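Presented below is the structure to which this report refers.
The values are calculated or read from the model by the stated rules, or taken from the named source; none is laboratory data. All values reported here derive from a predicted model rather than from experimental measurement. FYI the Cβ positions are ideal-geometry reconstructions off the backbone, even for glycines, and counts take in every protein chain you see.
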Amino acid sequence: MLVTVLNTTYTPLHDVSVRHAHTMLWRGVADVVEEGPGMFAGAPTPSVLLLRRYVPERFRYGRRPRRTATFDGPVKQNVGRFADRIAVYSKDALLVRDRGQCAYCGQFNGTTADHVLPKSRGGPTAWLNTVAACEEDNWIKGDRTPDEAGMPLLWQPFAPTAASLDRLRR
């Protein structure tokens, strides 16, 4: 029997053996979301585990295609935690947030991440300081602010929740 392991965002990562699942529980790496039938070593057999810490997708175990999980019960009670959590920043997530639209010209060819306050001036690589931009506008803006470059932003950057990014990815 295999046990499904979910990331903290409730996305399935991989399946592990019941023995490995019990090791994860014993080490405090995961919590039981759903119990399966039967017993193992005198304890109920889990069928779904939720990791306590987020694991980036590039570190996924195995090469299986992502599956969609549908569970009844405890997962529905914990969705609020997921819905309010700010998403982890990455360039890919930024392009999803801005839907690939350039924040300067509005065309849907925004393939680069542009720092509103340039990194050369101490601007952080964070949700509130980056926008998607096409290569041409990013090059024209250079290491200037949008005001200095005469290129106003079409919208203000914001920090999306993990749930809103998940909806945009679909």
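Listed values, structure above:
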{"item": "Those residues of segment 110-130 which are touching a Gly at 6+ places or on another chain (Cβ under 8 Å) and closer than 16 Å to P160 by Cα, in sequence order", "result": "N129"}
{"item": "Single unsatisfied condition, T130 versus (1) more than 15 Å from the chain's Cα centre (by Cα); (2) loosely packed, with under 15 Cβ neighbours inside 10 Å; (3) under 18 Å from G100 (Cα atoms)", "result": "(2)"}
{"item": "Some residue of segment 41-48 being surrounded by fewer than 17 Cβ atoms within 10 Å (Cβ to Cβ), modelled with pLDDT under 80 and on the phi < 0 side of the Ramachandran plot", "result": "yes"}
{"item": "Residue in segment 96-120 that is farthest from R170 (Cα to Cα), counting only those that are touching a strand residue (DSSP E or B) at 6+ places or on another chain (Cβ under 9 Å) and charged (D, E, K, R)", "result": "D114"}
{"item": "Within segment 1-57, strands (runs of 3 or more DSSP E) holding 3 or more residues that are touching a Ser or Thr at 6+ places or on another chain (Cβ under 8 Å) and closer than 21 Å to A163 by Cα", "result": "43-51"}
